[in-house]
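**Q** Take this structure first; my questions come after.
The values are calculated or read from the model by the stated rules, or taken from the named source; none is laboratory data. None of the values given here were measured: they were computed from a predicted structure. Methodologically, a virtual Cβ is constructed for each residue, glycine included, from the backbone with ideal geometry; neighbour enumeration extends over all protein chains shown.
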Amino acid sequence: MTITIYINGKREILECQPGDMLTEVLRKAGYVEVKKGCDTASCGACTVLIEDKPVLSCSYLAVRADGKRITTIQGVAEEAKKFAQFLTAEGADQCGFCAPGFALTVLSMKKELRNPSEAEIRHYLSGNLCRCSGYEGQIRAIKKYLEAVHD
Amino acid sequence: MEIREYARPKSMDEAMHLIHEEHGTAIGGSAWLRTNTKTVMLGVDLSDLGLEYIREFQDHIEIGAMTTYRELETSLLLASRFGKIFSTAVGHIVGIQLRSIITVGGTVAGRYGFSDLNTTLCALGARVVFYPNIEEDLASFIEKGYAGPFLIEKIILPSSARAAYQQMRISENDFPIINTAVAWMGTEWRVAAGSRPAAARLCRNAMKILADSANPSNEQIEAAAQESSKELQFGSDIRASATYRQKILPVLVRRALLEVRG
Amino acid sequence: MIDNFDSIPPADSKTLKATQKFNVIAHDIAKIDGEGLVLGRPAFADDLAPANALYVKLVRSPHAFARIISIDPSEALALPGVACVLTWKDCPRVPITRAGQGNPEPSPHDRFILDEYVRYVGDEVAVVAAEDEATAEKAAMLVKVQYEVLQPVLDFEKALDNPIVIHPEPEIHEMFPIGFEPKRNIAAAYNMEIGNVEQELAKSPVQVETTVHTQAQQHVALEPHTAFSYIDIHGRLVIVTSTQNPWHTRRLLALALQMPLRQIRIIKPRIGGGFGGKQHIHIEPYVAMVTLKTGKPARLALTRREVFEATFTRHEMRVKVRLGANSDGKLNAIDMQVLSNTGAYGEHALTVFMVAGSKTLPLYNKVNAVRFGGHVVYTNKVSAGAFRGYGAIQGLTGLESAMDELAHKIGIDPVELRRKNMIHEGETSDVFRIMGEGTEGVAMTIESCKLEECIARGKELIGWNPDRLVWEVAPGKVRAMGMAIAMQGSGLPLIDMGSARIEFQDGGFFKLHVGATDLGTGSDTILAQIAAEELGVDVESIVVYSSDTDNTPFDVGAYASSTTYVSGSAVVKAARSLKKKLIEAVAQKFGVDPAFVIFDNKTFKTLNGSKSLSLYDFSFDTLYHDGERMKTIEATESFTGAKSPPPYLAGFVEIELDKETGKVEVVHYVSVADVGTPINPNLATIQIEGAALQGIGLALYEDVRYSERGHMLSHNLMTYAIPSREDVGRITVELVDSYEPSGPFGAKSAGEIGIDTPPAAISNAIRNAIGIRLTDYPFTPERVLMAIDKAKTEGAN
């Protein structure tokens, strides 16, 4: 079957099977910034925004996305670059495999939470696993980023 | 999961027809479908039925079956009527990206052992409404199931309760080893425990000990807590043994009761 | 969840004296690939695979031990779109090892790409390739395999001399003596003794014996193992793969496939984490077989479950430590006896086991006698392999637990006990000379060791008070502290070799080609910093290309904490040599002796200032303008360490322990490390922070669980939970000022050391909290509570 999605502002008509999850369909269509890390809805690497809400594309039926607006990190590249400056300034990008999904969730958090405490930041982002950084450097980067963009 | 055919009905009647007559399989949140190796002949996607809502009525609250965990967690209405129990109970589950997908209806329908939400709903005295308009006590549905195919429309909660949730996990993103929710309903106490690892059950004997006092004594609380572990069955899995579960349930029940009583 | 984030703010800007000495080194340069990674630009193997590649799936054993009676691929082959089904009959009968190690490998050649026998659940049985992924999956399920199911050996305590022999095949062998005795289920064995341990123990007024059991652990690099292959225009096999060691991969693959090395090219793109888990050939042989068979490109990305069930884990070990000391705490003897579980195959069997001693025992170098020994045994579980910390974490957990027991017995501050006995600058240990990795070691004197400073700063950061190592915070809830110290190495001396080539380009920039393998740690950036510092230019003037066996010079790969020290030293040498060549070329142009030419601020000048030429202009001169003198100016250099200077670390932990439930939470973990000069303090800090959390994961949460029949029960991230960002209250890492004379700009390694202390430090904190030494990792709430209950019952009796 075919679905029509509006991805990063672009209309795409994609082929898929009814049981296909969105991650595979997006990657096959060239949106390889959507990463596949775990197969069990555990790691957050596949995060995309559907109608501006962060969801796991590995656990979202592609057919259900028919007609919907989808945003990957490439769809918010300018904002992502800004955040990347702060993340890399701490060295917290590390292997970067989880970074697109993680950064997208950070950008969502920025919109959703006003002046979050560190506990709130950690809680909001708890679905984004990272095995490299130990999270501390990411926290330092996020705090500085939020301070800078809120000014 | 392989899905041969897919339908996204626009009305409850149509959805009911597909499930009853065409042997369709209801798809709620769709999380974890990929880990399932079953083949489904007809997948019935419930996302266009307008079942995403949390509404307040004069003497109760209704939660549509397709309401996501994220909505429960962030609902100001639920927070004002039940305190922090929803955000505490579901806020631990993996991450917001998953909680924005998984639904109340899917969780209730699955009667999952590990569920944090089912334990909470049992304690709050929730009722489940199967379409068309068949209402049943949620705790008894979790225990006994439903004969034949069904379609959950909504969950009904009382208008308010003072409630608390406690759980034990090895690490924060893991499934619970054991969990409990307790609620003072205004006239009676309700105590439920889940992830035993089997599904949530009411601790009826414990509830009896607490009886109808809003301010049970420490002794009553301790007795109820101890009773909770005697009246339920516990099992072992990779996270913990039955013995451990049985040992710490009273601790969690006591802490939850003290939290509510103050 | 512990929420103490306001009371302990995150660590920030490190003020190291080293920063002042350098232009680029010891500065926090952002990773050169960082922005591209955040934006998700195609970078990983699965992002880059050609669209027409065949999808490869593996048929895996459902049995822990079995002989394959027959494989019938006919139904699978009948499926439209299936390209091939390959079995052990399609493979050369050549025993290999999958361990990415030097040549000859210290691991036994006890494995075939595919074999008639399968030795763990998940072992490869057949290779299926099809035009799309769904067809490949379906075809893999249609391959009919008949097994003769054999009785497995699952308990490593019962493997030695078990009547069931896991490796009876006659062709397998060791490459040099490693104590390999497959008939006894021994993959490797080793023993050494300096002095007379039994005598020294007997003489010692205080003795302790502690045995710990550390579990297998999964790496969980976020990117699953992924590779694709194709035949290039010259008919050569090219494999793009998430590997930590391209050259070892090429060499092992050539042996496995019986191909000439020159016919294979390995390219490592970006990798999504390694931690040792990609220091092996797990997937490359299978894509290669399909490409060789069909002539078509082939791709394989393991599922997370396959990564869990069928790559490698950390070696499970039982470590018994006996200490003998005087009543003032002076150590006389250490005896460490180890049993290690290598699983079905012997990758890294000997070396991980030896490191349990070689990278722990020299910490306490003032003993009169020290002994180390034991066996590495086969079982029918997934193989163990390399994993950050590699033996050191297991050995250290035993040693540092025993040290705290000794402190309790004597009644002295555990910190003081360590200070009394630990190694200092200018000292050595005979262990360095005797124990290497699989071979004899290399004698060395320690030229940099700031353990005293690490300990002093760690005490401050955690608020260490030996009279108050446990206190109550609420009824039934206590907080407690514990600590441990650690050492590692920096590459394998006289074994690891890395090379670098730097070439001067028009426009005045430099191509830096290194064989070194950036796993996401930032080593490309670090090596660029080293080149820039030595050349006297900015980092932007260095363009890095790495890890391609055709296009970069040789390097053993990223393991054994080697990249900064070994590959970094090669970069220093290459830059130095290139700078000399540049100055010589300019001197010739100026018509003066090279001794009179200096290079500064991207300009060549004569000493008297009479002549001057910009780097930019000279770059065009040497390539376009200078007639007969025109040439490419480049330098290639190699480095192998004559020693392996250890970094040192002091780890301190504050835990909260709930005595009613057994739950242990880490409130604060402090690691203060001596890594020499941190080339990039940010990246060094993050290595240690990330490693600390992995160590905490091992101590408290992570466990590889099996059913009674050998099926892995914890085979995904729902059943094997790694630490999330809400598990630990705070990790604070600081680096102390230190300078290692033998390292590049004073650097030592930072990649592994951070993982070593948490298991022992947490164990010591729990011991302080409840008076009980827990010995079986991980310390789950159940294990802690059961220990408390047991002690109560025993106390009551």
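**Q** In the range A:1-58, how many are surrounded by fewer than 24 Cβ atoms within 10 Å (Cβ to Cβ), small (Gly, Ala, Ser) and closer than 28 Å to C:His225 by Cα?
**A** 3
**Q** Somewhere in the range A:55-68, is a residue within 11 Å of chain C (Cβ to nearest Cβ) and either touching a helix residue (DSSP H, G or I) at 6+ places or on another chain (Cβ under 9 Å) or farther than 30 Å from B:Arg4 by Cβ (or both)?
**A** Scanning the range A:55-68 turns up at least one residue that is within 11 Å of chain C (Cβ to nearest Cβ) and either touching a helix residue (DSSP H, G or I) at 6+ places or on another chain (Cβ under 9 Å) or farther than 30 Å from B:Arg4 by Cβ (or both).
**Q** So, B:Arg4, is that one within 9 Å of chain A (Cβ to nearest Cβ), assigned to a strand (DSSP E or B), over 22 Å from the mean Cα position of the chain (by Cα) and free of Cβ contacts under 8 Å to residues at least 60 places away in the same chain or not?
**A** When the stated conditions are applied, B:Arg4 passes them.
**Q** For the range C:639-662, enumerate the residues that are within 22 Å of the chain's Cα centre (by Cα) and surrounded by fewer than 24 Cβ atoms within 10 Å (Cβ to Cβ).
**A** If the condition is that a residue be within 22 Å of the chain's Cα centre (by Cα) and surrounded by fewer than 24 Cβ atoms within 10 Å (Cβ to Cβ), then C:Phe639, C:Thr640, C:Ala642, C:Lys643 are the ones that fit.
**Q** What number goes with the only condition from (1) closer than 23 Å to C:Leu58 by Cα; (2) in contact with a helix residue (DSSP H, G or I) (Cβ under 7 Å, 6 or more places away or on another chain); (3) β-branched (Val, Ile, Thr); (4) not in a loop (DSSP other than H, G, I, E, B) that C:Val238 does not pass?
**A** (2)
**Q** Does the range B:32-45 contain any residue that is more than 11 Å from every other protein chain (Cβ to nearest Cβ) and under 24 Å from A:Tyr124 (Cα atoms)?
**A** Taking every residue of the range B:32-45 in turn, none turns out to be more than 11 Å from every other protein chain (Cβ to nearest Cβ) and under 24 Å from A:Tyr124 (Cα atoms).
**Q** Also, I was wondering about something else. Evaluate the following for C:Ile264: is it within 12 Å of chain A (Cβ to nearest Cβ), surrounded by 20 or more Cβ atoms within 10 Å (Cβ to Cβ) and touching a residue at least 60 places away in the same chain (Cβ under 8 Å)?
**A** Judged against the criteria, C:Ile264 is not a match.
**Q** What's the number of the only condition in (1) in contact with a helix residue (DSSP H, G or I) (Cβ under 6 Å, 6 or more places away or on another chain); (2) surrounded by fewer than 18 Cβ atoms within 10 Å (Cβ to Cβ) that A:Ser133 fails to meet?
**A** (2)
**Q** Hey, any hits in the range C:26-44 for a residue that's modelled with pLDDT of 95 or more, assigned to a strand (DSSP E or B) and within 14 Å of chain A (Cβ to nearest Cβ)?
**A** Scanning the range C:26-44 turns up at least one residue that is modelled with pLDDT of 95 or more, assigned to a strand (DSSP E or B) and within 14 Å of chain A (Cβ to nearest Cβ).
**Q** Which of the residues that make up the range A:119-146 are farther than 19 Å from C:Ile696 by Cβ and either in a loop (DSSP other than H, G, I, E, B) or assigned by TED's automatic domain parsing to the domain that holds A:Asp39 (or both)?
**A** Scanning the range A:119-146 gives a single hit, A:Gly127.
**Q** Continuing with this model, one more query. For the range C:627-635, state whether one or more residues are among the charged types (D, E, K, R), in a strand (DSSP E or B) and assigned by TED's automatic domain parsing to the domain that holds C:Arg419.
**A** No, the conditions are met nowhere in the range C:627-635.
**Q** Which of (1) closer than 27 Å to B:Ala31 by Cβ; (2) more than 10 Å from chain B (Cβ to nearest Cβ); (3) charged (D, E, K, R); (4) in contact with a strand residue (DSSP E or B) (Cβ under 7 Å, 6 or more places away or on another chain) is the odd one out, the single condition A:Lys110 does not satisfy?
**A** Going through (1) closer than 27 Å to B:Ala31 by Cβ; (2) more than 10 Å from chain B (Cβ to nearest Cβ); (3) charged (D, E, K, R); (4) in contact with a strand residue (DSSP E or B) (Cβ under 7 Å, 6 or more places away or on another chain) one by one, A:Lys110 breaks only (4).
**Q** Could you go through the range C:353-362 and let me know if any residue there is closer than 17 Å to C:Lys320 by Cα, part of a strand (DSSP E or B), modelled with pLDDT of 95 or more and out of contact with any Pro (no Cβ under 6 Å at 6 or more places or on another chain).
**A** Checked against the condition, which is being closer than 17 Å to C:Lys320 by Cα, part of a strand (DSSP E or B), modelled with pLDDT of 95 or more and out of contact with any Pro (no Cβ under 6 Å at 6 or more places or on another chain), the range C:353-362 yields no hits at all.
**Q** Only residues that are in contact (Cβ under 8 Å) with a residue 12 or more places away in the chain and within 14 Å of chain C (Cβ to nearest Cβ): list them for the range B:208-234, please.
**A** B:Glu222, B:Ala225, B:Gln226, B:Ser229, B:Phe234
**Q** Condition first: in a strand (DSSP E or B) and within 30 Å of C:Ala159 (Cβ to Cβ). Now tell me which residues in the range C:45-74 satisfy that.
**A** C:Leu58, C:Val59, C:Arg60, C:Ala66, C:Arg67, C:Ile68, C:Ile69, C:Ser70, C:Ile71
**Q** Restricting to the range A:87-103, count the residues that are closer than 17 Å to A:Ile139 by Cβ and either surrounded by fewer than 24 Cβ atoms within 10 Å (Cβ to Cβ) or within 7 Å of another protein chain (Cβ to nearest Cβ) (or both).
**A** Residues in the range A:87-103 being closer than 17 Å to A:Ile139 by Cβ and either surrounded by fewer than 24 Cβ atoms within 10 Å (Cβ to Cβ) or within 7 Å of another protein chain (Cβ to nearest Cβ) (or both): 11 in total.
**Q** A further question on this structure: If we only count strands (runs of 3 or more DSSP E) wholly inside the range B:87-187, which ones have 2 or more residues that are within 24 Å of B:Trp32 (Cα to Cα) and touching a strand residue (DSSP E or B) at 6+ places or on another chain (Cβ under 8 Å)?
**A** Once the strands (runs of 3 or more DSSP E) in the range B:87-187 are filtered for at least 2 residues that are within 24 Å of B:Trp32 (Cα to Cα) and touching a strand residue (DSSP E or B) at 6+ places or on another chain (Cβ under 8 Å), what remains is B:127-130, B:152-158, B:162-168, B:178-184.
**Q** Follow-up question, since we're still on this one. Any residue that is within 14 Å of the chain's Cα centre (by Cα), farther than 27 Å from A:Thr40 by Cβ and surrounded by 19 or more Cβ atoms within 10 Å (Cβ to Cβ) - is there at least one of those in the range B:164-178?
**A** Scanning the range B:164-178, I find at least one residue that is within 14 Å of the chain's Cα centre (by Cα), farther than 27 Å from A:Thr40 by Cβ and surrounded by 19 or more Cβ atoms within 10 Å (Cβ to Cβ), so the answer is yes.
**Q** Let me ask something else about it. Could you go through the range B:192-211 and let me know if any residue there is part of a loop (DSSP other than H, G, I, E, B) and modelled with pLDDT under 95.
**A** Of all residues in the range B:192-211, those part of a loop (DSSP other than H, G, I, E, B) come to B:195-200, B:203, B:211.
Checking which are modelled with pLDDT under 95 leaves us with B:211.
Scanning the range B:192-211, I find at least one residue that is part of a loop (DSSP other than H, G, I, E, B) and modelled with pLDDT under 95, so the answer is yes.
**Q** Which condition does C:Glu634 not pass, out of (1) surrounded by fewer than 24 Cβ atoms within 10 Å (Cβ to Cβ); (2) under 21 Å from C:Asn764 (Cβ atoms); (3) not aliphatic (A, V, I, L, M), if it passes all the others?
**A** Unmet for C:Glu634, out of (1) surrounded by fewer than 24 Cβ atoms within 10 Å (Cβ to Cβ); (2) under 21 Å from C:Asn764 (Cβ atoms); (3) not aliphatic (A, V, I, L, M): (2).
**Q** Take the residues of the range B:7-23 that are at pLDDT below 95 and outside any helix (DSSP H, G or I): which is farthest from the other protein chains (Cβ to nearest Cβ)?
**A** Among those that are at pLDDT below 95 and outside any helix (DSSP H, G or I), it is B:Glu21.
**Q** What do you reckon, is C:Gly710 touching a residue at least 12 places away in the same chain (Cβ under 8 Å) and surrounded by fewer than 24 Cβ atoms within 10 Å (Cβ to Cβ)?
**A** On the way: touching a residue at least 12 places away in the same chain (Cβ under 8 Å): yes; surrounded by fewer than 24 Cβ atoms within 10 Å (Cβ to Cβ): yes.
Judged against the criteria, C:Gly710 is a match.
**Q** Can you tell me which residue among C:Gly426, C:Gly436, C:Gly520, C:Gly507 is crowded, with 16+ Cβ neighbours inside 10 Å and touching a Ser or Thr at 6+ places or on another chain (Cβ under 8 Å)?
**A** Step by step, each of C:Gly426, C:Gly436, C:Gly520, C:Gly507 is checked, and only C:Gly436 is crowded, with 16+ Cβ neighbours inside 10 Å and touching a Ser or Thr at 6+ places or on another chain (Cβ under 8 Å).
**Q** Of the residues that make up the range C:130-150, is at least one away from chain A (no Cβ under 14 Å), part of a loop (DSSP other than H, G, I, E, B) and small (Gly, Ala, Ser)? Write out each step before concluding.
**A** The initial filter retains those residues of the range C:130-150 that are away from chain A (no Cβ under 14 Å), namely C:130, C:139-150.
Add one more test, that the residue is part of a loop (DSSP other than H, G, I, E, B), and what stays is C:143, C:150.
Now drop any that are not small (Gly, Ala, Ser), which leaves none.
No; the residues of the range C:130-150 include none that is away from chain A (no Cβ under 14 Å), part of a loop (DSSP other than H, G, I, E, B) and small (Gly, Ala, Ser).
**Q** How many residues does the range C:516-554 hold that are in a strand (DSSP E or B) and in contact with a Phe, Trp or Tyr (Cβ under 7 Å, 6 or more places away or on another chain)?
**A** 2
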